[in-house]
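Only one structure is covered here, and it is reproduced in the block below.
The values are calculated or read from the model by the stated rules, or taken from the named source; none is laboratory data. Everything numeric in this text was worked out from a predicted model, so none of it was measured. Cβ: placed from backbone, ideal geometry, glycine included. Neighbour counts: every protein chain shown.
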Amino acid sequence: MADLALTARLNPSAADARRGVVRLHPEALTALGLREWDGVALAGSRRTAAVVGIAPAGTPAGVALLDDVTLSNAGLRENATVVVSPATVFGAKQISVTGSVHATRSIPAATLRQALLGKVVTVGDAVSLLPRDLGPDIPSSAASQALSRTFGIAWTTELLTVTATDPVRGPVSVQPNTAVVWGPGVVAALDAADRAAAGHPVPGATEAAADTDVATLVRGVPPRVPVEELVGVQAQAAKLTEWLSLALDEPELLRTLGATPHLGVLITGPAGVGKATLARSVTAPRRLVELDGPTVGATEGGARLREVAAAVADVGSGRGGILLITDIDALLPADPEPVATLILDQLRAAMAETAVAFIATTAHPAGIDARLRAPDLCDRELALPLPTAAVRRALLEHRLRKVPTGDVKLDEIAARTPGFVVSDLAALCREAALRAASRVSKEQADARLTQEDLEGALKVIRPLSRSGMEELAIGSLGLNDVGDMIETKQALTEAVLWPLRHPDSFARLGIEPPRGVLLYGPPGCGKTFLVRALAGSGQLSVHAVKGAELLDKWVGASERAVRELFQRARDSAPSLIFLDEVDALAPRRGQSTDSGVGDRVVAALLTELDGVEPLRDVVVLGATNRPELIDPALLRPGRLERLVFVPPPDSAARLEILRTAGRSVPLADDVDLTALAADLDGYSAADCAALLREAALAAMRRDVDAADVTAADLAAARAAVRPSLDRDQVEALRRYTENRS
């Protein structure tokens, strides 16, 4: 995808001020291959990054609207040229920032992270505390309220500087599990605490400063939600309430029955499902001491130990209470440092106290120190699953209970949001509210949220990646949106959708539905597009893996990744596991030189597909353009048993592809798509889409303010985009099934 040189102008919108958002014309987004709220790189006299949004109507195609902070980060003045390009944005493990002394002393790191959530930054950027309350992120109202309480009105004008990020290179985004820490501020406070403990007061420091509780810089506890407002986790809430009541209120009863009044609970579940919210709600009105795992885990070993020791002392010494550590995998990872042993000893000391309980949460149960599950620590585990369609509907009803709505069909929205957790649904409702507010403001209509607003939000909001694997953006795409390929679509419907939609028919006829399907065909002919359409038609939760992403050099790591992938699919059923480029993941055994890693992965796949634990409401779909390289055992009945050929597009299919890809491209009257489709023999579906994209870029080269794409632009694009299909390869793939039999 090419870069675009655009004219930088200051965004006049107050809603975007200082929030790190750059607004582009829809044609520029299409040319860059981006979606709204993706990350972009900006190059002026300095390189920076931001989040991209759609510019207001009337904005020229060659203009980029930047807020004042982003304009300064790029080293630009208004009307200068800024080069915009797609950016690979990584979720940050840790970000260090500096600010004023008042901000450093007043704002807890948890509140700081909530204010910066969703922002895309690079080292050296200035960033404001104004939450990025636009697009798909966690609601910012709690951050705004917390900042007002701790920092006063000055929080709206405070600017921070990003001093360090992990990963070090490239732009990063602030995620719910990112550790956001004060750089020199935390170091200075820890140094002051060390000096005070050693009897060496800090020069120039007051007695109050020497006694500063470092925890106030890194600890912040959000408000508790009433238990009756928890939706979909009532059973887990009742179980946790019972455990707390027995351990803290009736310890003598437990001792009489030969049990110790000990309670350590590990709450697991996908990120954003509400683990910490459940713990805070159930523990009310008991005394709660909370540690934020990512924040404490980001500090050096001595500070980490002091933080845990301070929290243990807070709940101990006869005061009693509950110690809650969120995202404990960041504090006690599976590959522990030596200080982990001392931290575990501190936790055991807390558990030995009377009237003390310990609760930990994690989204990565396999990534925590195994010693945490010892009988004298977390001897109980509580799992929160992904919300089902019924629970998602109840969550939507709860969030919209006080919102004036029109004729909304929440059943349809719930069915089209597989894989969404509580925070995703909150982002969906907020995006719909933003769209409704924009529409009401323009039309001067009654303030109501409509079905169209929710459906429009679905095109933008997508579930956060829970596992590091790719999540396919499904939206409202269905098989009916796929042009031609009648036989291919019918085969997929029978093999994938029928078992999920009509299980009673299979039971009545006494047969098991197919376990898996292999899509094979030439490159660029729409195999991945078919999977998106298939997932959209069946309202499936999609777990996608590309090629050799599961392969790992460490012994056992690849097999564990396969097991975790299939377990996630079972937990979120009905679901679809999509193995793209499956030939790289499951090659013929005995022919590799990778120390047996590939063979072990194939064995793990075979076991999961047709092993002791059955796959229910889970379909495995593989895609490849080299089916002859796949291990034959994977293609036998009971595994990837249906082989579906995806042919290259003929003239009629190319016309449908051009029409679909050209929906957002303004074509001039002299463009004849029918004649163009007939003349594109040898072009794949990807080639056709690339042709239109290149034609749009040719129009921009001709005139950066061009209003449409002409036949001359398409002719220029034909010279740059050549057909990629090889006739001999296509014919060999077409005969693959015959040769195999």
Lone unmet requirement of (1) assigned to a strand (DSSP E or B); (2) surrounded by fewer than 14 Cβ atoms within 10 Å (Cβ to Cβ) for L621: (2)
What are the residues in the stretch 317-329 that are within 17 Å of A360 (Cβ to Cβ) and modelled with pLDDT under 90, if any? G321
The stretch 416-448, residues that are under 22 Å from A57 (Cα atoms) and either in contact with a Gly (Cβ under 8 Å, 6 or more places away or on another chain) or in the same structural domain as S572 (by TED's automatic domain parsing) (or both): E431, A432, R435
Tally the residues that are in contact with a Pro (Cβ under 8 Å, 6 or more places away or on another chain) and among the charged types (D, E, K, R), restricting the search to the stretch 397-451. 5
Filtered residues of the stretch 316-346 (kept if touching a residue at least 40 places away in the same chain (Cβ under 8 Å) and of a type outside the set (D, E, K, R)): G316, G320, I322, L324, T326, I328, A330, L331, L332, Q346
Is it the case that some residue within the stretch 571-579 is of a type in the set (A, V, I, L, M, F, W, C), more than 27 Å from D650 (Cα to Cα), crowded, with 18+ Cβ neighbours inside 10 Å and modelled with pLDDT of 85 or more? yes
Whether any residue in the stretch 699-706 is of a type in the set (D, E, K, R) and outside any loop (DSSP other than H, G, I, E, B) is what I want to check. yes
Please verify whether D552 is out of contact with any helix residue (DSSP H, G or I) (no Cβ under 7 Å at 6 or more places or on another chain), among the acidic types (D, E) and surrounded by fewer than 19 Cβ atoms within 10 Å (Cβ to Cβ), treating the condition exactly as stated. no
So D345 passes all but one of these: (1) at pLDDT below 90; (2) closer than 26 Å to A110 by Cα; (3) more than 32 Å from the chain's Cα centre (by Cα); (4) surrounded by fewer than 16 Cβ atoms within 10 Å (Cβ to Cβ). Which condition number does it fail? (1)
Checking G53 against (1) surrounded by fewer than 20 Cβ atoms within 10 Å (Cβ to Cβ); (2) assigned to a strand (DSSP E or B), only one condition comes out false. Which one? (1)
Check the stretch 357-366 and report whether any residue there is in a loop (DSSP other than H, G, I, E, B) and surrounded by fewer than 16 Cβ atoms within 10 Å (Cβ to Cβ). no
Among residues belonging to the stretch 380-391 that are in contact with a strand residue (DSSP E or B) (Cβ under 8 Å, 6 or more places away or on another chain) and surrounded by 15 or more Cβ atoms within 10 Å (Cβ to Cβ), point out the one that is farthest from A573 (Cα to Cα). R380
If you check I413, I359, which single one turns out to be assigned by TED's automatic domain parsing to the domain that holds G302 and in contact (Cβ under 8 Å) with a residue 24 or more places away in the chain? I359
In the stretch 492-532, residues that are in a helix (DSSP H, G or I), surrounded by fewer than 21 Cβ atoms within 10 Å (Cβ to Cβ) and out of contact with any Pro (no Cβ under 6 Å at 6 or more places or on another chain) total 13
Kindly provide the set of residues from the stretch 229-273 that are closer than 27 Å to S572 by Cβ and assigned to a helix (DSSP H, G or I), ordered by number. E229, Q234, A235, Q236, A237, A238, K239, L240, T241, W243
Scan the stretch 684-706 and tell me whether some residue there is surrounded by fewer than 20 Cβ atoms within 10 Å (Cβ to Cβ), touching a strand residue (DSSP E or B) at 6+ places or on another chain (Cβ under 7 Å) and of a type in the set (A, V, I, L, M, F, W, C). no
